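Here's the structure, in structure tokens; my notes come after.
The values are calculated or read from the model by the stated rules, or taken from the named source; none is laboratory data. In this text the structure is predicted, and so the values were computed from the model without any measurement. Every residue, glycine among them, receives a Cβ derived from its backbone with ideal geometry; neighbour counts consider all protein chains shown. Each accessible area value is taken on the protein alone, full model and side chains, heavy atoms only, with ligands, DNA and RNA left out. Shrake-Rupley method; radii C 1.70, N 1.55, O 1.52, S 1.80 Å.
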Amino acid sequence: MLTLEEIFPPYGLAITCGDVELRVLRDDDLPELVELVRGGIQAPGAPMPFLQAWHEEPFSPGSPDGFPATSLAWWWTQRAQFQPQKWSLALAVRRRGVLVGMQDMMATDFTQTRHVETGSWLGLPHQGRGIGTLMRQMAVGFAFDELGALECGSGYIVGNDRSAGVSRKVGYVDNGLQRIAQRTADGTIGVTEQRMLITPDTYVRPDRPVSVTGADAVRRFLAIERRPASESKT
Ligand SMILES: CC(C)(COP(=O)(O)OP(=O)(O)OC[C@H]1O[C@@H](n2cnc3c(N)ncnc32)[C@H](O)[C@@H]1OP(=O)(O)O)[C@@H](O)C(=O)NCCC(=O)NCCS
């Protein structure tokens, strides 16, 4: 009988650096993830970081509305939409085995664009300890080294100083401002997003070695031909 990892190769992916590990979210992670979200994500005074205030929805387990039902639909959609033309890796971030946050990576028409977008968050008790920087370094390094990405994009709401700090430390450069709509708990508002871009030339690697397992199977599953970024500049 095949293993779950052989049936759905993203489950076999593990990116590890020191005591931090990124693995694709599984249903077994959900109870811990729901608890983590309930502990809070947005620091007091910080701008609402997401397009939609999913983390502030009323807690109503077992009902079709509110949290966690709406977020479950989102997390399961990432898995359901997996195809070479449009994929998302919802990576659960664990430090010393404890779930601390999520690092998302997504791409559309990756084999042509070689562009990956990322988004991330940590539970409040785990913020401000360098984990956000490390998990983004791990995701971006995976995109460059294992998938052959040429660039990774990201964005943060102007005023999200911690996210700006992560981008700066990892080596992103400014890629312009854009106006976006945010669905907050008080309604839809217009805000300014700072777009950021990173290429292998500016990327700052973690100061410890990173190990990756399961990348071959993921590349095959996503129809990605391995092409190291260094070979793709010409
Ligand atoms: C954004 C987030 C992922 C960053 O992770 P983190 O682990 O808290 O960040 P780090 O500890 O790696 O800090 C990165 C840098 O940000 C800067 N920084 C941290 N806290 C800051 C603050 N309160 N004000 C200004 N800069 C700050 C520092 O330069 C820090 O580098 P240093 O360690 O050299 O001082 C995390 O804070 C988070 O989940 N926030 C809520 C959700 C969110 O904003 N997600 C991002 C959406 S774009």
Inter-probe distance in nm under a simple model that places probes 7 Å from Cα toward Cβ, at LYS86 and ARG162: 3.1
Inter-label distance for ALA185 and VAL98, nm, one decimal - labels placed 7 Å from Cα along Cα-to-Cβ: 2.5
Put +1 on the Cβ of each Lys and Arg and -1 on the Cβ of each Asp and Glu in the chain; which of ALA181, THR108, ILE131 then has its Cα farthest toward the positive end of the dipole? ILE131
Trypsin sites (Lys or Arg not before Pro) restricted to DSSP loop in the stretch 101-186 with at most 12 other C-beta within 10 Å: ARG129
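Which shape class, rounded, prolate or oblate, goes with the stretch 97-210 when its Cα gyration tensor gives a ≥ b ≥ c as root eigenvalues, a/c under 1.5 marks rounded, and past that a/b bigger than b/c marks prolate? Write out the running numbers ahead of the final one.
Values: a/c = 1.69, a/b = 1.19, b/c = 1.42.
Note, shape of the stretch 97-210 comes out oblate.
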Just grab the label-to-label distance for PHE59 and VAL34, each label 7 Å out from Cα along the Cβ direction, in nm (one decimal). 1.1
Set the Förster distance to 22 Å, then compute FRET efficiency between ARG26 and TRP74 from the Cβ-Cβ distance, nearest 0.05. 0.90
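What does the charge dipole of the chain about its Cα centre add up to, to the nearest 20 debye, if the Cβ of each Lys and Arg holds +1 and the Cβ of each Asp and Glu holds -1?
My answer is approximately 460 debye.
From the C-alpha coordinates alone, can you work out the Kirkwood hydrodynamic radius of the chain, in Å?
Working: mean 1/r = 0.0545 Å⁻¹.
Evaluated over the chain, this radius sits at 18.3 Å.
Based on the Cβ-Cβ distance of ASP174 and ARG205, what FRET efficiency does E = 1/(1 + (r/R0)^6) give at R0 = 25 Å, to the nearest 0.05? Let's see the in-between values first.
On the way: r = 21 Å, r/R0 = 0.84.
Step by step, r from the Cβ atoms, then E = 0.75.
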If I build a Gaussian network model for the chain, linking alpha-carbon pairs within less than 10 angstrom, which residue out of ILE41, ILE198, ILE180 has the largest mean-square fluctuation? ILE180
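Counting DSSP beta bridges in the chain, what percent are antiparallel, to the nearest 5?
90
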Per-residue HN-Hα couplings for the stretch 107-122, Karplus 6.51 cos²θ - 1.76 cosθ + 1.60 at θ = phi - 60°, whole Hz, x for Gly and Pro? 8, 10, 6, 4, 4, 8, 7, 6, 10, 10, 9, 10, x, 7, 7, 10
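Of the heavy-atom accessible surface of the chain (probe 1.4 angstrom), what whole percent is carbon and sulfur?
Working: 6120 of 11720 Å².
The computed percentage sits at 52.
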Within the stretch 44-100, which trypsin sites (Lys or Arg not before Pro) sit in a loop by DSSP and count at most 11 neighbouring Cβ atoms inside 10 Å? ARG96
